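This report refers to the structure that appears directly beneath it.
Every read-out reported here was derived from the displayed coordinates using simple, explicitly stated rules and does not represent laboratory data. Keep in mind the model is a prediction, meaning the values are calculated, not measured. When we count neighbours, we look across all protein chains shown, and the Cβ atoms used for this are built from the backbone with ideal geometry, even at glycine.
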């Protein structure tokens with residue numbers, strides 16, 4: 001009897017700790033997301049509509065590097081565009097046509113970029129494929145790291161989604 | 001009975017949707033190789049055009065002999081189609097040109113027997129009636145070890161002649177990939193930038209109006225000309241300009257020529273849509289110039305309206 005009670009107590013403790021850890025990770029990821037502290041380097045375009053990017057995220061916790069890099073890559077594709085990288089990569093214009101798009105559709109993007117836990121099956125992650133979670137790791141301050149992550153972003157699919165949600169206009173809109 | 005009612009409701013809903021989604025006229029697009037590319041690859045013919053020697057591109061020959069050209073055109077057409085634009089196919093349009101050329105050959109001047117002078121490009125533009133010509137070219141820089149592709153793609157408004165979108169650049173040096181792969185990469189890596197600049201142009205059209213050209217001509221047997229003051233409180237030419245001021249988006253147009261027998265207007269900004277019987281319809285040069293035609297008719301001037309595609313209209317005054 002005692003043994004059973006002990007087992008149940010340990011089980012509850014483990015689940016509780018895991019949940020608390022998960023919540024902490026989510027909170028951490030969302031805090032980092034709000035900063036949008038990253039750099040992007042274009043690596044290439046394997047096929048039309050799929051960009052290969054290296055994302056350098058400035059983070060305090062390496063464990064959220066994959067998720068954060070995915071968010072940062074999608075954020076850059078939508079709002080910033082990608083700079084040219086010599087002859088290996090041409091410049092990619094941002095999907096956003098207006099500089100105020102992020103504030104105009106704040107509610108949509110808050111949900112879009114929300115972290116929902118370890119697996120993070122939220123919207124943004126559908127368009128990103130992480131090839132290498134940590135390619136570079138440089139300590140930039142006492143607590144922060146500059147972590148490089150190699151990802152591909154399916155821009156064609158992302159564009160289609162944003163067009164269907166009426167966030168951005170399609171090329172043939174109005175015609 | 002119930003089923004009939006449901007069918008009726010569905011039909012009415014579809015009709016209502018059709019009314020609310022009637023939109024501006026979609027410009028047509030066509031991909032063609034640039035003249036320089038044709039010349040560099042030997043797909044040209046030297047002709048003597050009334051004493052002037054010049055090279056004209058032979059698109060048919062280029063399509064038949066260069067498989068890379070067909071690849072690039074197909075790829076661009078496919079990418080355009082993904083973004084909602086079905087581009088006209090060059091080879092299909094060339095067949096129309098051939099038919100038109102056969103007709104042209106039979107035409108000769110009444111007095112001298114001279115034939116009509118027209119380059120294939122002019123014929124192509126005339127027959128294809130693509131509103132936007134996507135002109136592309138590439139060059140291969142081969143140092144014996146590595147290959148690099150320099151690619152240029154330009155969007156030209158066929159009626160104003162303006163460059164409305166562009167992308168160009170040289171790809172990374174490569175020593176193993178075959179040329180078709182390099183070309184495919186060149187297109188896919190640049191198309192987003194190109195389409196973004198095309199979209200900026202479209203946004204400008206919706207915001208500031210579509211640019212068209214307007215010509216006014218006078219039949220020589222008409223007793224008046226554009227300097228006549230018999231139709232209002234000013235010369236006819238100025239009355240026409242007043243109408244343009246009132247009917248162009250923000251009164252925007254440029255008078256390029258103003259003579260007694262002809263006037264040419266460029267950068268005439270017309271609205272993209274108009275309303276008729278409560279329905280929004282797409283505006284083109286013909287519909288818009290019909291307004292001017294009606295105005296002149298009200299002044300007692302019989303006129304004839306002709307168009308060339310969506311973006312060029314000419315009015316002939318004096319008779320039909």
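Run the quick spin-label model on residue A:129 and residue A:88: label points 7 Å from Cα toward the beta carbon, then report their separation in nm to one decimal.
Each label point lies 7 Å from its Cα, and together they span 1.9 nm.
Hey, rough spin-label estimate for residue B:34 and residue B:281, points 7 angstrom out along Cα→Cβ, what's it come to in nanometres?
If labels sit at residue B:34 and residue B:281, their model points lie 4.0 nm apart.
Using the beta-carbon distance between residue B:47 and residue B:103 and R0 = 25 Å, what value does 1/(1 + (r/R0)^6) give for FRET efficiency, to the nearest 0.05?
After rounding, the FRET efficiency stands at 0.80.
Take peptide B:196-205, look around each residue's Cβ out to 10 angstrom, count Cβ atoms belonging to other protein chains, and average those counts.
If you average over the peptide's residues, the count of other-chain Cβ atoms is 3.
So between residue B:92 and residue B:143, what do we pick up on full extension, going 0.36 nm a residue minus the alpha carbon distance?
Answer, rounded to one decimal: 14.7 nm.
What's the ranking of B:57-63, B:176-182, B:27-33 by average number of surrounding C-beta atoms within 10 Å, highest first?
B:27-33, B:57-63, B:176-182
Counting only other chains, and only Cβ atoms inside 10 Å, what mean value do you get across the residues of B:187-194?
Whole-number average of other-chain Cβ neighbours for B:187-194 is 6.
Would you mind putting A:144-151, B:287-294 in packing order, based on average other-beta-carbon counts within 10 Å, highest first?
Descending mean neighbour count gives A:144-151, B:287-294.
Under a plain spin-label model, where a point goes 7 Å from the Cα along Cα-to-Cβ, how far apart in nm are residue B:267 and residue B:67?
For residue B:267 paired with residue B:67, the spin-label model returns 4.8 nm.
Relative to the present Cα-Cα distance, how much length would full extension add between residue B:245 and residue B:203 at 0.36 nm per residue of separation?
In short, 12.9 nm is gained.
I need the peptides B:255-263, B:195-203 ranked by packing, meaning the mean over residues of other C-beta atoms within 10 angstrom, with the highest value on top.
B:195-203, B:255-263
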